[in-house]
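We did not get these values from a lab; they are worked out from the coordinates using the rules stated. None of these values were measured; they are calculated from a predicted model. Cβ coordinates were reconstructed from backbone atoms using ideal geometry, including for glycine residues, and neighbour counts include every protein chain displayed.
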Amino acid sequence: MKHNFLDITEVGEYYVLEENSDILIVPVSYDETSTWIKGSDKGPAAILEAAPQLEFYDLETDTEVYKHGIHTLDTISGFGSAESMIEAVYKEVDGWLRKGKFVVTLGGEHTVCIGPVKAYAGLIDDLSVLQFDAHTDMRPEYNGSIYNHACAMYQVSKYCPVIAVGIRSMGKCELKHINRQNVILASDVYYQKNWKERIIKSLTKNVYISFDLDALDPSIMPSTGTPVPGGLQWFDVLEILKEVSLHSNIVGFDVVELCPSEANKAPDFLAATLIYKLLSYKFANSLQRA
Ligand SMILES: [Mn+2]
């Protein structure tokens, strides 16, 4: 059964039709290279199942972002290779960007973000990527593939600068590929006062956000393929997303690496809430003007 990000019975059909929607949800079911807990291909379905439980009024911004229209595409799946997945997602996102849509891509493992970044980088100048992640993902190659999920950001960094936050795990071989200034460790968020300023200063005018859910602490986000202790907390994340939405132009984002568990649906709902929050921050100003 197809799920919409919005509960259609609550908001009505008008707000989920493509022609009435500024916002487009692109679910990508793909998990080929994860090395430990499998199942992120089921992430998009779990988010779409949880999302209709959201309140569509965001009390913090005093807005109802669904009024911009949120259309959910059919899930893209069944790829023959990583290259074909990246190309398919690139074409899909590129096509919608050219129609002026604000695109939210749901993964899937982290390599799902490569196609969207390629699409944005091809159309938008002065772009940087804000990566939320426990891992740098800056390996040129892993397990015999340059498209392993541990290599996602190395591929992304070919298109534009990457600013990473929440990092607490990396291989020594990645040191030479990272710009230490642009890596905000999870411990920096915990111990330093200026971590938000560091992020804001490093970002360019236009920002794409790639949100690997394992950036969050496993106490609130246990449903990932590679949970790492010492992660970001909910309000840390909201604070920085709000700041970024005020200082930069958020052009699109993805939420990846949800590895859903039947026993605990709270992380699925967290992912849905995060998406709605980020949309609320992004569109709050235009809604207030309307
Ligand atoms: Mn990760």
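Scanning segment 243-261 for residues that are of a type in the set (A, V, I, L, M, F, W, C), crowded, with 16+ Cβ neighbours inside 10 Å and either more than 16 Å from the ligand (Cβ to nearest atom) or more than 29 Å from residue 95 (Cβ to Cβ) (or both) returns 244, 250, 251.
Out of segment 150-169, which residues are free of Cβ contacts under 8 Å to residues at least 60 places away in the same chain, within 16 Å of the ligand (Cβ to nearest atom) and within 13 Å of residue 182 (Cβ to Cβ)? Answer for segment 150-169, where residues must be free of Cβ contacts under 8 Å to residues at least 60 places away in the same chain, within 16 Å of the ligand (Cβ to nearest atom) and within 13 Å of residue 182 (Cβ to Cβ): 153, 156, 157, 162, 163, 164, 167.
Among the numbered conditions (1) polar (S, T, N, Q); (2) under 14 Å from the mean Cα position of the chain (by Cα); (3) away from the ligand (no atom under 14 Å from the Cβ), the only one that residue 131 does not meet is (3). Cβ-Cβ distances below 6 Å connect the following pairs, each with a first residue in segment 224-237 that is near the ligand (Cβ under 10 Å from one of its atoms), a second residue that is polar (S, T, N, Q) and in a loop (DSSP other than H, G, I, E, B), and a separation of six or more residues or different chains: 225/34. Look at (1) touching a Leu at 6+ places or on another chain (Cβ under 6 Å); (2) buried (at least 24 other Cβ atoms within 10 Å of the Cβ); (3) not polar (S, T, N, Q) and you find that residue 133 fails only one, number (1). Going through (1) within 16 Å of the ligand (Cβ to nearest atom); (2) without any contact (Cβ under 8 Å) to a residue 60 or more places away in the chain; (3) touching an Asp or Glu at 6+ places or on another chain (Cβ under 7 Å); (4) within 20 Å of residue 121 (Cα to Cα) one by one, residue 210 falls short only on (2). Checking every residue in segment 70-77 against the condition of being farther than 19 Å from residue 105 by Cβ and surrounded by fewer than 17 Cβ atoms within 10 Å (Cβ to Cβ) gives zero matches.
Assessment of segment 182-203 against the conditions (closer than 25 Å to residue 115 by Cα and within 14 Å of the ligand (Cβ to nearest atom)) yields at least one matching residue. When you look at residue 140, is it within 19 Å of residue 32 (Cβ to Cβ), more than 16 Å from the ligand (Cβ to nearest atom) and either in contact with a Leu (Cβ under 6 Å, 6 or more places away or on another chain) or part of a loop (DSSP other than H, G, I, E, B) (or both), yes or no? Judged against the criteria, residue 140 is a match. Scanning segment 34-60 for residues that are of a type outside the set (Lys, Arg), outside any helix (DSSP H, G or I) and surrounded by fewer than 21 Cβ atoms within 10 Å (Cβ to Cβ) turns up 35, 36, 37, 39, 54, 55, 56, 57, 59, 60. For the condition away from the ligand (no atom under 13 Å from the Cβ), touching a residue at least 12 places away in the same chain (Cβ under 8 Å) and not in a loop (DSSP other than H, G, I, E, B), what is the one hit in 120, 147? When all the criteria are applied, what remains is 120.
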